[in-house]
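Reviewing the structure listed below.
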Amino acid sequence: MDLGTTKRGRKEPKSQGGERRSGDGKNRRRRDRKEPKRGRKDPKAQGEERRSGDGNSRSGDGNSRRGKNQDKYEHKDEDEDEDEPQIAPPPAIPSSIPALSSFPAPPPSPLLRFQLPNVLFGYVFALSLHGGDESLVPELPGAAIDVAAALRMRRAFRSTAEALRAARDDAKGAGYPTGPLGDAGTVLAVAELLEGPGDNSENYTQNNAANYNNNYVIMALAHLEQLLSRGRLNLVANERQTFVNAQRKCRFLMSWSQEAPMGTMVELARETREVVNEIISANEGMGQGEIFSASEGRGRRLIEELD
């Protein structure tokens with residue numbers, strides 16, 4: 001049989017049957033419209049997605065935030081990517097830090113110093129909770145805001161201990177699990193950021209001691225400010241403003257830290273270490289222990305590993 005005749009003339013029954021089974025393009029399109037889309041998630045899956053939330057739904061009242069974070073971090077191991085975390089070096093100390101007097105604000109209160117440990121706790125907690133993976137924005141900087149009240153609002157603390165306890169309570173209130181460093185380990189890291197490299201640095205001298213005591217603090221604040229800047233990009237207006245306000249607080253605290261009298265950071269670090277000892281004693285009294293040693297140097301290593 002001539003193939004050309006077969007194509008133009010009557011088709012054989014077998015060929016017609018095969019064509020009916022496969023269908024032409026129009027029939028396929030009609031059937032496609034009737035079939036459910038494969039990419040559509042079932043309601044149960046959509047409910048789970050709404051409960052876990054994405055970066056744009058990070059804010060909200062305390063109860064919804066607490067439920068969202070509990071759901072997200074309780075099942076973190078099940079949903080974890082196999083990709084390596086994107087750990088980038090933090091920014092260098094800014095080449096120029098504006099004078100504190102350049103900010104449109106009244107002269108700093110003597111209580112301002114206690115906001116610094118609160119913000120540093122939020123930074124250490126968020127960074128360690130997310131394994132230092134800076135691709136996790138806005139979740140990582142968002143966690144710092146959730147934990148550090150000083151980044152969210154005008155909040156006065158009367159002592160270093162009060163500022164640290166408030167951050168720890170806010171972390172639990174927002175539904176976050178205890179971070180990898182534990183409560184005492186997180187506070188210890190804050191103490192070591194406040195202490196700076198000290199005389200362990202080969203470039204340290206008595207003449208530049210004040211700057212070296214501030215170095216780690218300014219690096220941490222600059223790093224957090226950068227994460228907040230990246231995290232705000234895809235947020236809705238009200239959430240974006242929360243991140244902008246937190247950035248301003250970081251810049252303000254950088255200027256304050258730069259001009260703080262010599263010995264301020266050392267005193268804050270001493271008070272922070274007292275809180276570490278209180279937490280350890282309380283844990284021992286309840287028969288609980290945290291997996292860390294007070295000599296591990298987590299705050300110092302946190303900066304040095306990222307640097």
Expected output is a single nm value to one decimal: the length gained when fully extending between residue 277 and residue 234, i.e. 0.36 nm times separation in residues minus the C-alpha distance. What is it? 11.4 nm
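For segment 102-162, what is the accessible area per residue in Å², given a 1.4 Å probe and the full set of protein chains?
Working: 2160 Å² over 61 residues.
Using a 1.4 Å probe on heavy atoms only, each residue of segment 102-162 averages 35 Å².
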Say R0 is 25 Å: what FRET efficiency, to the nearest 0.05, do residue 178 and residue 155 get from their beta-carbon distance? 0.65
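Gain in length, residue 95 to residue 162, computed as 0.36 nm per residue apart minus the alpha-carbon separation, to one decimal in nm?
Details: separation 67, 0.36 × 67 = 24.12 nm, distance 3.29 nm.
Full-extension gain reported as 20.8 nm.
The values are calculated or read from the model by the stated rules, or taken from the named source; none is laboratory data. What you see is a predicted model, and the numbers here were worked out from it, not measured in a lab. A quick note on method: Cβ atoms are made from the backbone with ideal geometry, for glycine too, and the neighbour counts reach across all protein chains shown. For the accessible areas, the whole protein counts, side chains as well, though only heavy atoms, and no ligand, DNA or RNA atoms are used. Shrake-Rupley method; radii C 1.70, N 1.55, O 1.52, S 1.80 Å.
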